[in-house]
Amino acid sequence: MNNKILVVDDESRMRKLVHDFLAKQGFSVVEAEDGEKAVDLFFDEKHKDIDLIILDVMMPKMDGWQVVREIRQYSKVPIIMLTAKSDERDELLGFELGVDEYISKPFSPKILVARVEAILRRANAVHEAPIEIGGITLDHNAHQVLIDGVPCDFSVKEFELLEYFVANKGIALSREQILNNVWNYDYFGDARTIDTHVKKIRSKMGEKGEYIKTIWGMGYKFEV
């Protein structure tokens, strides 16, 4: 394992803590102390092999949100956001911008390493053949959705949510199951984050959005 990880935080103590834990697990680590430096590093030819970014929200020069906006225009590199306050609005904004995971400070470095490994495992999953169902094609490797052969722009989380629905077609899924399987951790906010994502997916799928059925008081079911 020699994945390269960019750690962005204006507190040098925090960067060192994260750096040391990741290095101990065999990761190669690059550091940036503010958002501007992070963006410069990410787009630097020397570092075009960065596999994942760990990013603080509150930073000088350019905050974490702006860094995500800049990078998401060109790359789907996995991003873990470190946040001091677990404000639900912040988390929803992050998921809309394309953040993959949230970890609230203070956190256990072991948990952080476990999340990093889980995300990289998903990102490096072996080649899987595209799935076709009811006019929808899901290409896991390209992280792309085609609706009747036309590419449709899905964020990373929207793609994973649709993929989870398709894999469990015909099964009623509770919001709790969806959060645990798609968000990969015990999400302590309410389930509005799922409903927001479902709404966006349905609108992108047009009439095929009707395949995602609401099970009142429980969750959702994908049915063609």
Taking the criterion of being over 20 Å from E101 (Cβ atoms), among the acidic types (D, E), open to solvent by 70 Å² or more (accessible area, probe 1.4 Å) and modelled with pLDDT of 95 or more, would at least one residue in the stretch 208-221 satisfy it?
yes
Which of the residues that make up the stretch 98-141 are farther than 25 Å from S28 by Cα, part of a loop (DSSP other than H, G, I, E, B) and free of Cβ contacts under 8 Å to residues at least 40 places away in the same chain?
E128, A129, P130, H140
Out of curiosity, is H47 open to solvent by less than 70 Å² (accessible area, probe 1.4 Å) and without any contact (Cβ under 8 Å) to a residue 40 or more places away in the chain?
no
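Open to solvent by 10 Å² or more (accessible area, probe 1.4 Å) and at negative phi, is that true of K61?
No: the conditions fail for K61.
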Here is a list: K85, K169, K76. Which entry is part of a loop (DSSP other than H, G, I, E, B), open to solvent by 40 Å² or more (accessible area, probe 1.4 Å) and modelled with pLDDT of 90 or more?
K169
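Yes or no: I54 open to solvent by less than 50 Å² (accessible area, probe 1.4 Å) and assigned to a helix (DSSP H, G or I)? Write out each step before concluding.
Details: open to solvent by less than 50 Å² (accessible area, probe 1.4 Å): yes; assigned to a helix (DSSP H, G or I): no.
It is false that I54 is open to solvent by less than 50 Å² (accessible area, probe 1.4 Å) and assigned to a helix (DSSP H, G or I).
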Among the residues of the stretch 3-30, the number that are farther than 16 Å from I119 by Cβ and touching a Ser or Thr at 6+ places or on another chain (Cβ under 9 Å) is 0
Going by the structure shown, is A114 out of contact with any Ser or Thr (no Cβ under 8 Å at 6 or more places or on another chain) and closer than 26 Å to V224 by Cβ?
no
List every residue pair whose Cβ atoms sit under 8 Å apart, with the two residues 6 or more apart in sequence or on different chains, where the first one lies in the stretch 198-210 and is over 19 Å from K157 (Cα atoms) and the second, anywhere, is of a type outside the set (A, V, I, L, M, F, W, C).
E210/R202
Any residue at all in the stretch 32-47 that is over 18 Å from the mean Cα position of the chain (by Cα) and assigned to a strand (DSSP E or B)?
yes
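The values are calculated or read from the model by the stated rules, or taken from the named source; none is laboratory data. In this text the structure is predicted, and so the values were computed from the model without any measurement. Ideal geometry is used to build each Cβ from the backbone, glycine not excepted, and the neighbour counts take in all protein chains shown. We work out accessible area using only protein heavy atoms, side chains counted, and drop any ligands, DNA or RNA first. Shrake-Rupley method; radii C 1.70, N 1.55, O 1.52, S 1.80 Å.
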